[in-house]
Amino acid sequence: MTDTAATPAAPTPRAERVTHFLVRDVALPDDLGTLALVTLDNGLDHTKPTTLGPQGIAELQAVVERLHERATAGEIVAVGVTGKPYFLAAGADLTQVAAVTSRDDALTLGQGGHAAYRALSEVGVPTFAYINGVALGGGLEIALNCDYRTVASDAAAIALPETGLGLVPGWGGAYLVPRLIGVQKALDVILTRPAQNKPFKAAEAYELGLADAIFDAADFLEESIRWTAAILRGEIVVERRPLDDEATWKGVTDAARQRLDATVHGSRPAPYRALDLVTAARDSDKTTAFAAEDEALADLIMTDEMRASVYAFQLVSHGKKPVGAPDPSLARPVTRVGIVGAGLMAAQIALLFAQRLQVPVVMRDIDQERVDKGLGFVQSQLARLVSTGRMSKDTAARITAQVHGTTDVQDFATCDFVIEAVTEVLGLKKKVFAELEGIVSPETILATNTSALSITEMAADLQHPERVVGIHFFNPVAAMPLVEVIHAEKTSDEALATAFAVTKKLRKTSVLVKDRPGFVVNRLLVLVMGKIVEAVEHGTPVEVADRATDPLGFPMPTFELFDLVGPAVGLHVLQSLREDLGDRFPASPGLEKLVADGTRVVLDAPAKGLPKPVNPEIQGVFDGAGGAGAADATQALDAAGVLDATLTALTREIGLMLDEGVVATPQQIDLCMILGAGWPFHLGGITPYLDRSGYSERVLGKRFLPDGVANVPRG
């Protein structure tokens with residue numbers, strides 16, 4: 001683990017990648033006059049997105065001032081704004097934002113953006129934004145400050161993601177969007193989609209009204225300029241929707257506040273500040289609204305939540321390059337995949353492999369009924385994608401043809417990659433691998449999707465244990481971005497390299513993990529669930545224990561998580577970890593009885609998107625199970641006490657995991673918990689949160705990370 005005395009200072013932020021605003025004149029059709037076309041370009045290739053920092057914003061201000069002079073002189077009749085290939089702009093340069101050390105500097109940053117963007121909107125001639133690619137945050141706000149917007153049909157991401165990063169749309173978005181598309185849709189753009197980390201595609205942005213026209217990418221700029229000419233001639237008139245009435249505006253924003261209280265629980269300020277800005281936008285003028293955005297942005301930049309969110313964002317962005325992965329050239333080709341099992345997890349894995357690797361996949365189970373059920377799942381999922389317009393019928397037919405079912409283990413003989421996804425019983429998995437070894441080629445990689453069992457033990461009796469590797473997917477497989485790649489004692493670099501190559505093609509983020517019980521996510525997630533259940537065993541009311549982690553802003557309460565993973569599965573992993581790691585993972589007679597009785601854990605959510613309340617009947621199950629503290633109410637904790645016990649246990653466990661070398665760095669634990677457990681972005685990963693809240697120094701006597709990483713520097 002990181003020792004404070006040996007910890008380097010927080011890294012120095014890189015210099016701003018300055019975006020330049022290059023102007024060229026374009027003659028409009030029919031002698032309409034000159035369009036000044038401004039192109040945003042940082043001079044780098046498409047792997048280095050165009051971003052907006054202080055120097056770039058200052059250059060925009062200077063360019064717009066010159067355009068205003070030309071407009072006044074009658075030299076230009078319109079201004080167009082577009083970007084280098086694939087990007088309009090990916091928003092503010094977050095590295096520069098996170099480097100701000102005073103509120104005054106933060107305020108200046110917001111004011112500078114507003115001044116430049118407002119000058120563009122008041123340049124003196126009609127303004128047009130040609131959204132040719134990614135437009136995020138401040139990049140989209142450039143377009144919003146223009147009079148008209150077109151979008152290329154292949155623009156990959158259009159969004160205002162700021163509230164997911166601990167900020168607000170601070171260069172006009174919180175004021176302009178609700179007035180442009182309506183308050184209900186605006187809150188989807190500003191609050192809902194950022195919470196889901198889900199930007200809009202071009203067609204969605206057009207349907208919302210963020211763009212006035214959509215054109216094919218092949219001739220996007222030419223068509224946009226022709227459309228511009230038609231606007232200037234009056235041949236096309238863009239009708240703007242009327243402003244929502246006061247009652248509608250208030251009803252929508254009041255409902256949004258109630259939803260925030262029910263889901264965010266006040267755990268982070270950014271969504272609330274954004275909602276305040278949207279609430280005020282209806283009756284504010286632009287000057288007042290922009291000043292309010294400046295103040296909100298300045299306050300939020302100087303919060304730990306914003307710094308933590310940026311840390312998490314950068315961690316996830318860089319996570320595609322796995323730490324400690326072997327040389328990719330060692331990876332073996334994968335041309336045919338075998339899946340052992342045809343249950344829900346196996347069928348999900350089979351579908352993902354067929355979709356992304358585009359190779360034949362054979363799924364085998366012990367009887368035809370199970371095989372047919374697995375194939376039926378694959379076909380039903382493909383049909384759903386077709387019915388929702390997310391996949392063509394031809395593509396679905398091709399994938400369906402790639403997935404085969406069988407009861408004959410000999411059908412794995414020609415596979416060069418086989419992954420087992422059978423029941424979590426060590427003896428069964430060992431038997432599966434022993435059978436496979438007698439059938440497949442010596443070069444075939446054998447993988448396991450075990451969630452907690454020892455892979456070293458699983459491979460111990462094989463002639464070639466070096467080809468066994470863990471590839472732990474999370475449920476639901478299609479949606480969860482993380483895969484833990486497990487290095488058993490004898491796993492070869494070739495097997496690891498193949499696993500990383502496969503997961504990359506599957507478009508997953510992979511983390512290299514040592515073969516230790518529970519790996520990373522399940523070890524920590526089950527510990528949390530165990531501490532909550534332990535509190536109930538000792539007399540804490542189930543409703544209190546269930547909501548004890550609300551201040552952290554988790555996506556769901558503990559017992560809803562139990563319901564999601566399955567109480568029997570959760571109990572099994574808890575018992576397994578207790579057996580392997582000791583009584584840090586508590587026994588739970590109440591949970592055992594809950595599973596045995598089949599008692600429902602949670603009730604239906606009161607409304608879509610709201611948490612599912614715990615079933616109050618399970619209180620009686622725990623009380624009657626004879627738990628450790630059932631007869632001693634003095635051991636009961638309040639919510640704060642449950643949370644403190646949970647965070648203390650997490651701190652100690654992470655320290656042990658780093659000492660054991662489960663992963664290379666604390667950042668890898670953070671990445672796993674963000675992508676595999678839904679650890680909230682605004683907390684910036686679990687280790688910096690434990691640093692900021694004082695648990696790491698109190699429990700371990702040292703920080704996990706340097707001061708200034710994922711927090712406002714204390715110095």
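Comparison of Glu489, Glu494, Glu457, Glu484 shows that the only residue that is assigned by TED's automatic domain parsing to the domain that holds Thr423, over 25 Å from Lys320 (Cα atoms) and not small (Gly, Ala, Ser) is Glu457.
In this structure, does Ser153 turn out to be in the same structural domain as Gln196 (by TED's automatic domain parsing), surrounded by fewer than 24 Cβ atoms within 10 Å (Cβ to Cβ) and in contact with an Asp or Glu (Cβ under 7 Å, 6 or more places away or on another chain)?
Spelling it out, Ser153 is indeed in the same structural domain as Gln196 (by TED's automatic domain parsing), surrounded by fewer than 24 Cβ atoms within 10 Å (Cβ to Cβ) and in contact with an Asp or Glu (Cβ under 7 Å, 6 or more places away or on another chain).
When Ile399 is tested against (1) assigned to a loop (DSSP other than H, G, I, E, B); (2) among the β-branched types (Val, Ile, Thr); (3) within 29 Å of the chain's Cα centre (by Cα), only condition (1) is not met. Are any residues in the range 168-217 small (Gly, Ala, Ser), surrounded by fewer than 19 Cβ atoms within 10 Å (Cβ to Cβ) and assigned to a loop (DSSP other than H, G, I, E, B), and if so, which ones? Matches in the range 168-217: Gly209 only. Here Ala383 clears all of (1) surrounded by fewer than 22 Cβ atoms within 10 Å (Cβ to Cβ); (2) in contact with a strand residue (DSSP E or B) (Cβ under 6 Å, 6 or more places away or on another chain); (3) small (Gly, Ala, Ser) except the condition numbered (2).
Residues that are of a type in the set (S, T, N, Q) and within 11 Å of Gly83 (Cα to Cα) within the range 125-148 comprise just one, Asn132.
Of all residues in the range 430-477, those being farther than 15 Å from Asp515 by Cβ, in contact (Cβ under 8 Å) with a residue 60 or more places away in the chain and not β-branched (Val, Ile, Thr) number 6. Got at least one residue in the range 77-85 being in a loop (DSSP other than H, G, I, E, B), hydrophobic (A, V, I, L, M, F, W, C), more than 20 Å from Thr19 (Cβ to Cβ) and out of contact with any Cys (no Cβ under 6 Å at 6 or more places or on another chain)? Yes, the range 77-85 contains at least one residue that is in a loop (DSSP other than H, G, I, E, B), hydrophobic (A, V, I, L, M, F, W, C), more than 20 Å from Thr19 (Cβ to Cβ) and out of contact with any Cys (no Cβ under 6 Å at 6 or more places or on another chain). Would you confirm whether any residue within the range 281-288 is surrounded by 18 or more Cβ atoms within 10 Å (Cβ to Cβ), over 30 Å from the mean Cα position of the chain (by Cα) and in contact (Cβ under 8 Å) with a residue 60 or more places away in the chain? Within the range 281-288, one or more residues are surrounded by 18 or more Cβ atoms within 10 Å (Cβ to Cβ), over 30 Å from the mean Cα position of the chain (by Cα) and in contact (Cβ under 8 Å) with a residue 60 or more places away in the chain.
The selection criterion, being over 30 Å from Phe554 (Cβ atoms) and either in contact with a strand residue (DSSP E or B) (Cβ under 9 Å, 6 or more places away or on another chain) or free of Cβ contacts under 8 Å to residues at least 12 places away in the same chain (or both), does not hold for Asp254. Take the conditions (1) surrounded by fewer than 22 Cβ atoms within 10 Å (Cβ to Cβ); (2) out of contact with any helix residue (DSSP H, G or I) (no Cβ under 6 Å at 6 or more places or on another chain); (3) in a helix (DSSP H, G or I); Arg652 misses just one of them, which is (2). Checked against the criterion of being modelled with pLDDT of 95 or more and either assigned to a loop (DSSP other than H, G, I, E, B) or out of contact with any helix residue (DSSP H, G or I) (no Cβ under 8 Å at 6 or more places or on another chain) (or both), the candidates Leu44, Leu22, Leu35 yield just one match: Leu22.
For the condition in contact with a helix residue (DSSP H, G or I) (Cβ under 8 Å, 6 or more places away or on another chain), surrounded by fewer than 16 Cβ atoms within 10 Å (Cβ to Cβ) and either in the same structural domain as Val168 (by TED's automatic domain parsing) or part of a helix (DSSP H, G or I) (or both), what is the one hit in Arg226, Arg268, Arg273?
On the way: Arg268 fails: surrounded by fewer than 16 Cβ atoms within 10 Å (Cβ to Cβ); Arg273 fails: surrounded by fewer than 16 Cβ atoms within 10 Å (Cβ to Cβ).
The conditions single out Arg226.
Residues that are farther than 17 Å from Val663 by Cβ and not in a loop (DSSP other than H, G, I, E, B) within the range 692-715 comprise Arg692, Tyr695, Glu697, Arg698, Val699, listed in sequence order. Leu180 falls short on exactly one of the conditions (1) more than 18 Å from Ala89 (Cα to Cα); (2) under 22 Å from the mean Cα position of the chain (by Cα), and that condition is (2). Inspection of the range 508-525 finds a residue satisfying the criterion of being in the same structural domain as Cys415 (by TED's automatic domain parsing), touching a Phe, Trp or Tyr at 6+ places or on another chain (Cβ under 7 Å) and not β-branched (Val, Ile, Thr). For the range 528-541, the criterion of being over 23 Å from Met657 (Cα atoms) and surrounded by fewer than 18 Cβ atoms within 10 Å (Cβ to Cβ) is satisfied by at least one residue.
For Glu466, indicate whether it is outside the structural domain of Leu571 (by TED's automatic domain parsing), not aromatic (Phe, Trp, Tyr) and not in a helix (DSSP H, G or I). No, not satisfied.
Being modelled with pLDDT under 95, assigned by TED's automatic domain parsing to the domain that holds Arg268 and either buried (at least 18 other Cβ atoms within 10 Å of the Cβ) or assigned to a strand (DSSP E or B) (or both) holds for only one residue in Gly139, Gly164, Gly113, and it is Gly164.
For the range 488-527, the set of residues classified as among the β-branched types (Val, Ile, Thr), under 16 Å from Val334 (Cβ atoms) and surrounded by 23 or more Cβ atoms within 10 Å (Cβ to Cβ) consists of Thr498, Val502, listed by residue number.
The values are calculated or read from the model by the stated rules, or taken from the named source; none is laboratory data. Source: prediction; values computed, not measured. Counting neighbours? That spans all protein chains shown, and the Cβs are built from the backbone with ideal geometry, glycine included.
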